[in-house]
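Q: Got a structure here, written out as C-alpha cells. Questions coming.
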Amino acid sequence: MRTTIKYLLFSLFTIHCSLLTSPVSAQEKFFTLEDLNFGGTNYHSFQPKNLWLTWWGDQLIQTDVEECYTIDAKTGKKEKLFTLDEINQWAGSDDERYVRHLMNASFPYPDQPLVQVGNRRAVILVDFKQKKIVWQDSIAGQTANDWNSVSKATAYVEGDQLFVVDANEQKHQLSTDGSREIVYGQSVHRNEFGIEKGTFWSPDGQRLAFYRMDQSMVTDYPQVDIFPRSASYEPDKYPMAGMTSHKVTVGVYDLQSDKTVYLQAGDPTDRYFTNIAWSPDSKTIYMFELNRGQNDCRLVSYDAASGAKIAVIGSPLATGGTQELYRETSDKYVEPLHPIQFLPWDETKFIMQSQKDGYNHLYLFDKSGKELRQITKGPWVVMDVLGFNKKQKTIIIKANKEHPLHHRLYSVNMKGEIRQLETVDGVHSGVLSPSGNYLIDRFSTPTRPRVIDVVDLTKKNPVHTNLLEAEDPWTGYEQPIFECGSLKAADGVTDLYYRMVKPYNFDPQKKYPTVVYVYGGPHANNVQASWHWASRPWETYMSQKGYIVFILDNRGSQYRGRDFEQATFHQLGQIEMQDQMKGVEYLKSLPYVDMNRLGVHGWSFGGFMTISLMTNYPDVFKVGVAGGPVIDWKWYEVMYGERYMGTPENNPEGYAKSSLIDKAKNLKGKLQIITGYNDNTVVPQHCLSFLDACIKAGTQPDFFAYPGEEHNMRGHASVHLHERITQYFDDYLKIK
C-alpha cells in the first residue's frame, strides 16, 4: 500500500512533493559532469554560496581566504579583524608564507586575542592585539597531529612511532616498536564504533591516552602498486569475519613524570575498546568495552595514574566489587558510538547515549554508575549532541523528533523538557559557542539550497539573525523535477521514504527508462528533507539524459530506530531486497515507467544490493552497474561483518543465503562491475571471485578497474567513473 500526502512547509507527516522548476527557457542550458560531479573542473561554480564560521568565545568569526571578520550575533554586522597579509607580517614570514589562507583559522582561547593559523610547515599562535607570534609548533603535517590548547603539547606519529612535543619544544618519544604491525596513536578497529582518531588529551592537557594496536597476527591482503616498472607488493592488514583479529591496548602518557602506563583491561584478545572519555579532573578514563560478538557492552573506568580498574558502587575490587559502571546486552548487537559526556555544571554526573529502548536517546548517570533518569524519549532518534548551556543547564541536540526526514535542533533540560530552537522544516546542523549561548544554524530545505542563521539562545524564545540565504546556483539551467513520497515496506506496516528524479521536460504520456539507485546498508540513508531531497548530482545528469531515477531507503538504513536497523540481522540483503521490490511494485504502477527498461546501480553495500537484485530478480532488471560490491560477507572485515552477520561458523545459513557466488548462474541482464584496483575496504577478492563464478557458469558480466584507486574514486577520476556508469546505461538501457 502506498501513501501520498502533499508536503506542507510547517507540517511534518508523510510527504509527497514535486519541486517544479521555472518554465523552459528559449535556449536550453544543460549540465555536464564537470559541473555536477565532485572533482569536476567546474564543480564549485554550481555549489550554493557558503560562509566559513567559527567561534571566539561567544564572538562569531567569519574566516575568509584573505580576511577574518567579527560578526555581531544580534545584527549580523561585520567588522574586519585582521588580514592574511597582516598575519604574515606579524609572523615575520619571508616570501614563502607561513600562512596561505585564513579559512581554517581557529580561536582556542575565549578570553584571549589569539588566533591559531598555519600550513604544512608550522602551526602558530598569533596575538592579533599585540601583533606578534606568541607560540609556534614546527611539526605540522605529521600523521595524527593532535594539539592541546591547555598545555600546548602536541601528539603526533612519525615513522610509525608516537611522540609528544611539549610547550617548551622538548620532544618525548612514547614508543620504539611501532611498525605496520604495531600501530600507535591512530584509529583502531578499522574506524568502527565512531572511532576517528587514536590520541585523547585529558582536560588539563597533562596526560595523553592513546591506542596501541598489535596487528601482527592479522592476515595480509596482497595489494599491489602497479606504477613502478616492477610492480611492488603493498599488503594491507585485513582481518576478515571469523578470522584472527588484532589486539588493542590503551596507554596513558604523563607529561609531568614522562612515564607511560597501560590500562589494566585484561587480555585484549577478541575485545573492542572504544569511545574513550576523560573525567573533568583528568584523573579517570572511561571507555566502552565489547566482546567480539558485540552483544555485551560495558562502560569501565580506570585510574589514569596507575592504569588500574576503579571499583564502583562503593565496593573495593578486593571484596568482589563490580568493575563496570554500566552494562548493556542484546540478542543481536550493541553498538556504542559516542563517549560519555560530563555535565559542565555538575562534574559528578554524565550523559550517555543508548538505543536500549528502541531509539537512540540520552540517559543521565552519576559517576558511580547509577542511572538517574532517561532524559529524552519517544519514537525518534537523537542524532548528535552539539554541546551544553551551563547557565541554563541544558543540552543542545540534533534529532528527527518531528519527522524521520527532518533534522532539527533542540535544547533539553535534565527533566526532559525539550525546546525547539528553530522554526523551519528541513535538515539542520549546528555549531554551538563554548558557553552554549549562541548557535550557528546551517540548514537547507527541498527548495532552499543553503541558509545560515546565528541563534541567540539566551532569550526565552530563541532570536535568529540571518547571515546567508544562498541563491540557487543552478538558475538558468534546465533542472529536474524532484519528488518525495512514502510507501509501505514488505512487512505491510513500516513507512519507507523515496525520492524520484524526473526529466525537466517530463511528459506523463511517455514511457521512460528508469534506474533504481540503491545503497540500503547500515549507517546511511539517501532521502532527507534537504535541498532537492538530498539528490546526488549524478541523478540530475541522468534525468537530463531522459531517465527517471528512483531511490528508496529500505529497512536496515539509519535514523529510524533499533528495530528498523536490526531487521536485517544475520541476513544482509534479504529484507533489503524485499523492500526494494516494493519500490519496484510502485514503479510498475506508474504508466510513465518503462518496466522493460529498468536498471539498478549502487556502490559498496549498494554494489552488493545491485548484484543481489540482478541475480535474485533476473527478469526484472535489464541493466546494472555495481561499484565496489561485497560478494560474500566472509571476505569482509571482522568488526562490521560480524556485527551484522556473526561469523561464517555460527551463521552458516545467513552467509550462504547472502553470498552471490552461487547466484552468478542467474545473471541475465547486462551487468558492469567496477572496482578500485587497490580497494582496501571491499577488497578486489570479492568482484574477482564473482567473475570467476560467472566464467564457470557461462554468464557474461563486464568489468572495469581503476588502478591505484581505493574504495571511492578520488579527484577527477570520479568524473570518469560517473561518465562510465552513464555510458553503460546509455548503451544497454536507454535504447529500446
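Q: I want to check the label-to-label distance for Thr269 and Asp225. Put each point 7 Å from Cα in the C-beta direction and report it in nm to one decimal.
A: Here the answer is 3.6 nm between the modelled labels.
Q: How large is the dipole of the stretch 506-660 about the Cα centre if only Lys and Arg carry +1 and Asp and Glu carry -1, each at its Cβ, rounded to the nearest 20 debye?
A: Dipole about the Cα centre, nearest 20: 460 debye.
Q: Go ahead and collect, in residue order, the members of the stretch 559-583 whose backbone nitrogen is under 19 Å from a label point 7 Å along the Cα-Cβ direction of Asn666.
A: 568-583, by backbone N distance to the label point.
Q: Let me ask another. For the stretch 322-456, what are Rg and Dmax over the alpha carbons, in angstrom?
A: When restricted to the Cα atoms of the stretch 322-456, Rg and Dmax are 15.6, 54 Å.
Q: Let me ask you something else. Over the chain, with every protein chain in place, what whole percent of the accessible area is carbon and sulfur at 1.4 Å, could you tell me?
A: Summing carbon and sulfur atoms, their accessible area is 47 percent of the total for the chain.
Q: Determine the order of Thr83, Thr610 by accessible area, beginning with the largest, at a probe radius of 1.4 Å.
A: Reading off the accessible areas and sorting them downward yields Thr83, Thr610.
Q: List the relative contact order of the chain as a percent without decimals, with contacts defined as Cα pairs under 8 Å and 6+ residues apart.
A: With pairs under 8 Å counted, the relative contact order is 11 percent.
Q: For Lys510 and Asp258 in one chain, what is 0.36 nm times their gap in residues minus the Cα-Cα distance, to one decimal in nm?
A: Once the chain is fully extended between Lys510 and Asp258, it gains 83.2 nm.
Q: In deg cm²/dmol, rounded to 500, what helix-only [θ] at 222 nm does the chain give when every DSSP H run of at least 4 residues adds -39500 (n - 2.57) and the total is split over its residues?
A: Calculated at 222 nm, the ellipticity per residue is -3500 deg cm²/dmol.
Q: Can you tell which of Asn400, Gly654, Val224 lies farthest toward the positive end of the dipole of the chain, using +1 and -1 charges on the Cβ of basic and acidic side chains (Lys, Arg; Asp, Glu)?
A: Selected residue: Asn400.
Q: Something else: Sticking with the crude label model, points 7 Å out along Cα→Cβ, report the distance from Glu66 to Asp166 in nm, one decimal please.
A: Label-label distance for Glu66 and Asp166, simple model: 4.4 nm.
Q: Any idea what the relative contact order of the stretch 530-658 is, in percent, if you count C-alpha pairs under 8 Å spaced at least 6 apart?
A: Here the relative contact order equals 21 percent.
Q: Before anything else, pin down the relative contact order of the stretch 89-203: Cα pairs under 8 Å, at least 6 apart, normalised by residue count, whole percent.
A: This gives 14 percent for the stretch 89-203.
Q: Net charge near Gln116, counting Lys/Arg +1 and Asp/Glu -1 over other residues with Cβ under 14 Å of its Cβ?
A: Here the count lands on -2.
Q: Need the C-alpha centroid separation for the stretch 612-628 versus the stretch 189-259, integer Å.
A: Using only Cα atoms to place each centre, the spacing works out to 37 Å.
Q: Counting just the Cα atoms, what span does the stretch 558-650 cover along each of its three principal axes? Round to the nearest Å and put the largest first.
A: That works out to 45, 27, 20 Å along the principal axes.
Q: Moving on. What percent of all Cα-Cα pairs in the stretch 499-583 falls in each 5 Å bin, counting up from 0?
A: 3, 15, 22, 20, 16, 12, 8, 4, 1
Q: Extension gain Lys459-Glu585, at 0.36 nm per residue separation less the Cα-Cα distance, in nm?
A: Length gained, Lys459 through Glu585: 40.3 nm.
Q: Here is a further query. Determine one quarter of the surface area of the Cα convex hull of the stretch 474-518, which equals its mean projected area, and express it in nm² to one decimal.
A: 4.7
Q: Antiparallel as a % of all DSSP beta bridges within the chain, to the nearest 5?
A: Antiparallel: roughly 85 percent of the beta bridges in the chain.
Q: Output the pairs from Lys283/Lys370; Lys332/Lys670; Lys247/Lys349; Lys511/Lys582; Lys510/Lys622; Lys197/Lys349 with a Cα-Cα distance over 28 Å in this structure; if there are none, say none.
A: Lys332/Lys670; Lys247/Lys349
Q: Work from the charge dipole of the chain (Cβ charges, +1 for Lys and Arg, -1 for Asp and Glu, about the Cα centre) and give the residue of Asn678, Thr458, Pro434 farthest towards its positive end.
A: Working it through, the farthest residue towards the positive pole turns out to be Thr458.
Q: Within a Cβ distance under 12 Å of Asp258, other residues only, what is the Lys/Arg minus Asp/Glu net charge?
A: Local net charge: +1.
Q: Could I have the simple spin-label model distance between Asp357 and Asp702, label points 7 Å from Cα toward Cβ, reported in nm to one decimal?
A: 5.3
Q: How many angstrom lie between the C-alpha centres of the stretch 339-379 and the stretch 675-736?
A: Rounded to whole Å, the Cα centres lie 45 Å apart.
Q: Which one, Leu590, Gln341, Ala717, is farthest towards the positive end of the dipole of the chain when Lys and Arg carry +1 and Asp and Glu -1 on their Cβ?
A: Leu590
Q: As a test question: what accessible area, to the nearest 10 Å², does Lys545 have when a 1.4 Å probe is rolled over all protein chains in place?
A: 60
Q: Net charge around Asp72, counting only other residues with Cβ within less than 10 Å of its Cβ (Lys, Arg = +1; Asp, Glu = -1)?
A: After counting each charged neighbour, the total is +2.
Q: So for the chain, what percent of the C-alpha to C-alpha distances run longer than 41 Å?
A: Pairs farther apart than 41 Å: 36 percent.
Q: Students often get this wrong, so check it: of Lys502/Lys734; Lys49/Lys80; Lys502/Lys663; Lys131/Lys152, which have C-alpha atoms separated by over 23 Å?
A: Lys502/Lys663
Q: Using r as the Cβ-Cβ distance of Asn712 and Arg100, and R0 as 30 Å, what FRET efficiency do you calculate, to the nearest 0.05?
A: Efficiency, rounded to the nearest 0.05: 0.65.
Q: Related question: Can you pull the accessible area of Lys74 for me, 1.4 Å probe, Å² to the nearest 10?
A: We get 140 Å² for Lys74.
Q: Continuing with this model, one more query. Rounded to the nearest 10 degrees, what's the angle between the helix 717-729 long axis and the longest principal axis of the chain, both from Cα atoms, 0 to 90?
A: The angle comes out at about 20 degrees.
Q: Per-residue accessible area for Ser718 at 1.4 Å probe radius, Å² rounded to 10?
A: 10
Q: What does the accessible area per residue of the chain come to in Å², with a 1.4 Å probe and no ligands, DNA or RNA counted?
A: 41
Q: Pop out the Kirkwood hydrodynamic radius of the stretch 650-729 from its pairwise C-alpha distances, inverse of mean 1/r, in Å to one decimal.
A: 14.0
Q: Shifting gears a bit: Give, in nm to one decimal, the length gained when the segment between Gln89 and Asn291 is fully stretched (0.36 nm per residue of separation minus the Cα-Cα distance).
A: Fully extending the segment from Gln89 to Asn291 adds 67.2 nm.
The values are calculated or read from the model by the stated rules, or taken from the named source; none is laboratory data. Nothing here was measured: the structure is a model prediction, and the numbers come from that model. Here Cβ is always computed from backbone atoms with ideal geometry, including for glycine, and neighbour counts include all displayed protein chains. The area values use the complete protein model at the heavy-atom level, side chains included, leaving out ligands, DNA and RNA. Shrake-Rupley method; radii C 1.70, N 1.55, O 1.52, S 1.80 Å.
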